[in-house]
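Undergrad: Supplied in structure tokens, the structure appears directly below.
The values are calculated or read from the model by the stated rules, or taken from the named source; none is laboratory data. What you see is a predicted model; the values in this text were computed from it and never measured. Cβ sites come from the backbone with ideal geometry, for glycine too, and all protein chains shown count toward neighbours.
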Amino acid sequence: MRLVFRNLNILRSTINAISMSLDLKEIVESAGTNLPNLFDFSSFGVLWKEGPLLYLYQDESCPATFTDDVVKNMVRIFSLLGQGPIDVESIHLRVEKRKFRPGQMMMDPRATLKSHLTFPLALEEEIFGCVSLNNDQPNAFDAQDLQFFSVIGYQMAATLKHFQRFSSVKDMATYDTLTNLHNRRYFEERLAVETQKSFYGGTSLSLVMVDIDHFKKVNDTFGHTEGDKVLFETAALLKASVRKKDTVARYGGEEFVLILPEAELEESAVIAERVRRLVEKTFFEVGQERIRLTLSLGISNFPSHRATSKEELMEMADRALYQAKRRGRNQVCIYDPAQG
Amino acid sequence: MSMATLSKGEKEKKPSDVLLDLYSDLLTEIWEVVSALIGESILELLFILAVRKIAEKYRFLTLLKVSDEGISLEGAREDCGKMAPAEVHRGFQNLITHLFDLFSALAGGVISRELFPKVFPRVKEAERVISQK
């Protein structure tokens, strides 16, 4: 009886730790840290269908044969639950090795999966993954293990679902729904962070304002639905042209903005020119026609242009964009203090 | 109900009703045992998946009602009355086999070990009912 109470207390603190987690990795870590106090197992896995991602918490002596068995078994069960086949090759596997067993109880280097408990991660009839406890010994789990593990499974599902909902709310607040780029609100926040980093750290920072030339004509000629398609395609081209650390956002209407951290003026000019050329060479399908479009781009840079605030850096990029428009469009202009 | 013969009252029932009563008891027993192990929500989901899968071949199973309180066969009574008892029996047998497959896939032998001694005699009983009719 005392053992049951002890286990219930461990179960309670495990559930508490899971519910306090803030993201998938943290949830898996909380569970992985606490589960060895409740169960005797060689590996604990969480399969999450988005990705798909598979986190494995394993004893450090787990051989590759065993890991392979666990991966295949979880994928097989997930498919059996009516979720369609998952290609094992497409899974992003994250393996954390931990010392679950005393040194003298190392796993056989040819060990295979002999018993497991797998529990669907599901809420409201939607299955979004599964969790499993795995062992290289046959009949390693009993009915009480299943009862306890199912309680943990329910809590993980609820927490993960909550996290997923929270993420989608966060996405809605930071992404532009038409182009899937970051929205203006996110851009403002990101720019504040990057300017702080640059101004105090003395690193370079470039800002590029981008505007589609004569976009109004597209809307007037082909309608707003076709215009939206052009915005979406342009956004994709912008994203494809920048570096991983850069931020691309929709500023409003047909205006976009790029934040290029640690980019000197020359490098940002190269990136901006690459964007301009890519769009210039692209055919956009609008209605029954294929049309070509061009961009005007304006660049400002810290420290070259001696901006003292993010607002000033924005103002300079905006003026440079105005220069590009005034000089005939389809070009990149760098802010020139002499032009004002 | 006796294991070998049918009582007088049951002899007056339609064979399909006898079968439905028998499988209703059996599925209720499965529900009680397994829900204690894995909880009602996940078990409901597994029942829904199993019914959906087997109903592709045995359409009358779509009339079963699954909720977090269990499974009800009442909606299928009328349709089953027009079917051959052997066909009804095969539909339920396939459903139970598929549920066992799901349980085994999830928990190895843990659920089956608890369930098998209770389920096996009842399936045998259903087979006797079929052979007597």
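Undergrad: Can you pull out the residues in the range B:65-101 that are of a type outside the set (V, I, T), crowded, with 20+ Cβ neighbours inside 10 Å and within 14 Å of chain A (Cβ to nearest Cβ)?
TA: Matches in the range B:65-101: B:L99 only.
Undergrad: Within the range A:146-163, can one find any residue that is more than 13 Å from chain B (Cβ to nearest Cβ), assigned to a strand (DSSP E or B) and at pLDDT below 90?
TA: no
Undergrad: Does A:V95 fit the bill of being within 14 Å of chain B (Cβ to nearest Cβ) and under 19 Å from A:K25 (Cβ atoms)?
TA: Here the answer is no, as A:V95 does not meet what is asked.
Undergrad: Tally the residues that are surrounded by fewer than 18 Cβ atoms within 10 Å (Cβ to Cβ) and either assigned to a helix (DSSP H, G or I) or aromatic (F, W, Y) (or both), restricting the search to the range A:238-264.
TA: The total comes to 2.
Undergrad: Now, a different point. Quick one: which helices (runs of 4 or more DSSP H) sit completely within the range B:55-133 and have at least 3 residues that are in contact with a Gly (Cβ under 6 Å, 6 or more places away or on another chain), modelled with pLDDT of 85 or more and within 30 Å of A:N135 (Cβ to Cβ)?
TA: none
Undergrad: State the number of residues belonging to the range A:196-219 that are part of a helix (DSSP H, G or I) and farther than 16 Å from A:F284 by Cα.
TA: Within the range A:196-219, residues that are part of a helix (DSSP H, G or I) and farther than 16 Å from A:F284 by Cα number 6.
Undergrad: Output the qualifying pairs, or none if there are none: Cβ atoms under 9 angstrom, residues six or more apart or on different chains, first residue in the range A:143-155 and without any contact (Cβ under 8 Å) to a residue 24 or more places away in the chain, second residue outside any helix (DSSP H, G or I) and not hydrophobic (A, V, I, L, M, F, W, C).
TA: A:Q147/B:G39; A:Y154/B:G39
Results for (1) within 13 Å of chain B (Cβ to nearest Cβ); (2) of a type in the set (K, R); (3) not in a loop (DSSP other than H, G, I, E, B), shown as yes or no for each residue.
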position: A:V46; (1), (2), (3): no, no, yes
position: A:E50; (1), (2), (3): no, no, no
position: A:Q58; (1), (2), (3): no, no, yes
position: A:T65; (1), (2), (3): no, no, yes
position: A:D68; (1), (2), (3): no, no, yes
position: A:K72; (1), (2), (3): yes, yes, yes
position: A:I77; (1), (2), (3): yes, no, yes
position: A:G82; (1), (2), (3): yes, no, yes
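Undergrad: Taking B:V110 as the residue in question, decide whether it is within 14 Å of chain A (Cβ to nearest Cβ), touching a residue at least 12 places away in the same chain (Cβ under 8 Å) and either of a type in the set (S, T, Y) or in contact with an Asp or Glu (Cβ under 9 Å, 6 or more places away or on another chain) (or both).
TA: yes
Undergrad: When you go through (1) out of contact with any helix residue (DSSP H, G or I) (no Cβ under 7 Å at 6 or more places or on another chain); (2) modelled with pLDDT under 95; (3) not acidic (D, E) one by one for A:H214, which number turns out not to apply?
TA: If we test A:H214 against (1) out of contact with any helix residue (DSSP H, G or I) (no Cβ under 7 Å at 6 or more places or on another chain); (2) modelled with pLDDT under 95; (3) not acidic (D, E), just (2) comes out false.
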